[in-house]
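K.L.:
What follows is a structure written as structure tokens; I'll ask about it next.
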Amino acid sequence: MAFDNESFEEEENFAEMFAASEKQQETSRIVEGEIVEIQADENRALVGVGDKLEGIINLDEISEDGELKFNVGDKIKVMIMGYYNERPKISYKKVLEQEKTIEFIDAHKEDFENVVVEGVITKKNRGGYVVEADAVSFFMPRSLAAFKESDDVIGRKIKAQVIKIDEAENSIIISRRKLFNEERKKKKEIIDQLMAEDVVVEGVIKKITSYGMFVDVGGVDGLVHYNEISYKGPVNPSKLYNEGDTVTVKAISYDKDKRHLSLSIKAVLPDPWEEVESELDEGDTITVTVSNIENYGVFVDLGNDVEGFLHISEITWDKNVKNPADYLEVGQEIDVEVIEINPKTHKLRVSLKKLLPKPFDEFLKNYREGDIVTGTVTSLTDFGAFVRIAGVEGLLHNQDISWEKGTKAKEVLKSGEEVEVKIAKINEEDQKISLNRKTLLESPIDKFATTHNNNSIVTGTIRDIKDFGVFVSLEDGVDALIRDEDLAPLNKEELEPGQEIEAAIAVIDTKRDRIRLSVKKLDYIKNQAMLEQINDTESHSLGDLIKDKFK
């Protein structure tokens, strides 16, 4: 609400009402009296004020820190404010208030419109409120108080602006509303000035929070968000500043609806990213200092308020990094390679491992396919185990763990266990290594071959029937195959799993770990044996006849 002529006339009327409410049956006047009696039991003193009249004054008015300031016979100035039952109503306090009021009026009557008072509301009447400040009473009309009718304001501490002084009545009128308007106007002027281009000002930090700092710039509070303190990114303001510190800031935005002023400290500083963009390229090697370590990576300081990020995956070639703190510490200087510069988002990513020898390249220098090595099991999966050898990992598949079919890595190995393996294959292009453990163990077929030869007759159990032949389980977990063409004279349709079958060994291939059987060959071997037996019997009979003939 603007302060206009109409409101000023209202204030004059209210001032008259205030003055009238303070007057009694007679005009108040100050006289010099004499203390004639002190009645401590009743907490009062009798004061002679002339014409053989005595007024009563409360001892609290003439006491200070519990001690009386006057004694019987002392002269004292009092204000006669009226009469009650023909006895004068007097007050020492009112004399002091009037003296203070006169002092205030004398001191500010030339420039009262620039005076702001801070006091306590002590009384409410029909026209407004009485506010006391430093023993001076001020009158604040209700229309200029900016309170709701329902507000309980007695005892409330307020600030208001002096708008009128009446020397004749010793009255001072104040306005809380005008102070608000003046402050709002002043704030708008300050904000308009701050929002002008390239305006840099100094402010005082009033309050520090977890999300930033409130800074007073010429009577207006603005927020410096923790993102606007440094080009490094979000920082903890309490680690850099204290309340009461002076900082140089620049206004960056103002929300009129929320009346929220945003300030920036880093906007005043030279942008170090301009130097980064002009001086650095991806692939450059730079020296940095570890500034902060998190579970997901490390922040490194390039100096000049620029930070880079070293992700946990870029610290080492080891894929099993649990905590970056196991490799680096705050304050440590390291060389890193720049792998990404994003000028728009001010993000810089670096790598430490790119400057370290690649474990796979070192592996190729020292190992070949066919080498037998000892490694450490790093993890177990459903399909096998990963084994670390000289800083790289190879895969030991389930089928290459044991000669016993169906064996899984989880059943025979433990994480962290050392295991002897053979390097079966090295894929340089994909940087993958295949390992084999079962080739270091005695093959069941090798063992079988020491006691069996080709054409040996064996008996086994049909394990499975396929389109191309029949798999037969022999002794000691050895499997053999009878192809369809080797089943005759048996009828394949009449065979079933679990059935015993006799056959001859056709091939024992220890290099390819295979055995082939043949029923056809068994039938041939049996027929040949029968012929040999017949021939042997016939030859003996003919010889006997010849011998008998020549006897």
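K.L.:
With 26 Å as the limit, write out which pairs from Lys159/Lys258; Lys206/Lys266; Lys354/Lys414; Lys100/Lys207 have Cα-Cα distances beyond it, or answer none.
P.N.:
Among Lys159/Lys258; Lys206/Lys266; Lys354/Lys414; Lys100/Lys207, the Cα-Cα distance tops 26 Å for Lys354/Lys414; Lys100/Lys207.
K.L.:
Give a quick list of chymotrypsin sites (Phe, Trp or Tyr not before Pro) in the range 157-253 that DSSP marks as loop, anything other than H, G, I, E or B, with at most 12 other Cβ atoms within 10 Å.
P.N.:
The qualifying sites are Tyr211.
K.L.:
On to the next question. At what distance in angstrom do the alpha carbon centres of the range 92-120 and the range 157-212 lie from each other?
P.N.:
21
K.L.:
Could I ask something else about it? Explain nothing, just compute: Karplus ³J(HN,Hα) = 6.51 cos²θ - 1.76 cosθ + 1.60, θ = phi - 60°, for every residue of the range 427-433 in order, whole Hz, x for Gly and Pro.
P.N.:
Per residue, the Karplus-derived 3J(HN,Hα) values read 9, 5, 5, 8, 6, 10, 10 Hz.
K.L.:
Something else: Express the relative contact order of the range 21-93 as a whole percentage, based on alpha carbon pairs under 8 Å and six or more residues apart in sequence.
P.N.:
35
K.L.:
A further question on this structure: Got the relative contact order for the range 446-524 handy, in percent, Cα pairs under 8 Å and 6 or more residues apart?
P.N.:
34
K.L.:
On a 18 Å Cα-Cα criterion, which of the cross-link pairs Lys319/Lys432; Lys232/Lys344; Lys148/Lys186 come out too long?
P.N.:
Check vs 18 Å cut-off fails for Lys148/Lys186.
K.L.:
Could I ask something else about it? My understanding is that a pair violates if its Cα-Cα distance is over 24 Å; which of Lys410/Lys438; Lys52/Lys89; Lys256/Lys347; Lys75/Lys123 do that in this structure?
P.N.:
Where the Cα-Cα span goes over 24 Å, the pairs concerned are Lys256/Lys347; Lys75/Lys123.
K.L.:
Percent antiparallel among DSSP beta bridges with both residues in the chain, to the nearest 5?
P.N.:
Bridges in the chain are about 90 percent antiparallel.
K.L.:
Can you return the aspartates and glutamates within cross-link range of Lys250? Criterion is Cα-Cα under 13 Å, with same-chain partners fewer than 8 residues away left out.
P.N.:
Cα-Cα hits under 13 Å: Asp192, Glu197, Asp198, Glu202, Asp216, Asp221, Glu228.
K.L.:
Could you quote the convex hull projected area for the chain, Cα atoms only and averaged over all directions, in nm²?
P.N.:
Quarter of the Cα hull surface area: 57.7 nm².
K.L.:
Further question: Kindly write out, for the range 239-246 in residue order, the coupling ³J(HN,Hα) from the Karplus curve 6.51 cos²θ - 1.76 cosθ + 1.60 (θ = phi - 60°), rounded to whole Hz, with x marking Gly and Pro.
P.N.:
7, 10, 9, 10, 4, x, 5, 9
K.L.:
Continuing with the same structure: Measure out, as a whole number of angstrom, how far apart the alpha-carbon centroids of the range 320-345 and the range 470-507 sit.
P.N.:
Each part's Cα centre sits 64 Å from the other's.
K.L.:
Distances longer than 17 Å among the Cα atoms of the range 40-105: what percent of all pairs is that?
P.N.:
That tail contains 44 percent of the Cα-Cα pairs.
K.L.:
Work out the charge dipole of the range 399-454 with +1 on the Cβ of Lys and Arg and -1 on the Cβ of Asp and Glu about the Cα centre, then indicate which of Leu435, Asn454, Val419 is farthest towards its positive end.
P.N.:
Positive-end residue among those listed: Asn454.
K.L.:
Could you work out the Kirkwood radius for the range 354-511, taking every pair of different alpha carbons, averaging 1/r and inverting it, reported in Å?
P.N.:
18.3
K.L.:
Additional query: Would you please give the FRET efficiency between Asp51 and Glu99, computed as 1/(1 + (r/R0)^6) with r the Cβ-Cβ distance and R0 = 41 Å, to the nearest 0.05?
P.N.:
Between Asp51 and Glu99 the formula returns 0.95.
K.L.:
For Ala146, which sequence-distant residues (separation of 5 or more, or a different chain) have an amide H within less than 5 Å of its own amide H, given hydrogens modelled in the peptide plane?
P.N.:
Arg177
K.L.:
Any aspartates and glutamates with Cα under 19 Å of the Lys492 Cα? List them, leaving off those in the same chain fewer than 8 positions away.
P.N.:
List returned: Asp464, Asp467, Asp479, Asp484, Glu500, Glu502, Asp523.
K.L.:
Turning to a different aspect of this structure: Determine the distance separating the Cα centre of the range 132-147 from the Cα centre of the range 252-305; give it in Å without decimals.
P.N.:
51
K.L.:
Quickly estimate the mean residue ellipticity at 222 nm for the chain, helices only: each DSSP H run with n ≥ 4 gives -39500 (n - 2.57), and the total goes over all residues, rounded to 500.
P.N.:
-6500 deg cm²/dmol
Just so you know, all these numbers are worked out from the coordinates, no wet-lab data involved. Computed from a prediction, not measured in an experiment: that's the story for all the values here. Glycine also receives a Cβ, built like all others from the backbone with ideal geometry; neighbour counts cover every protein chain displayed.
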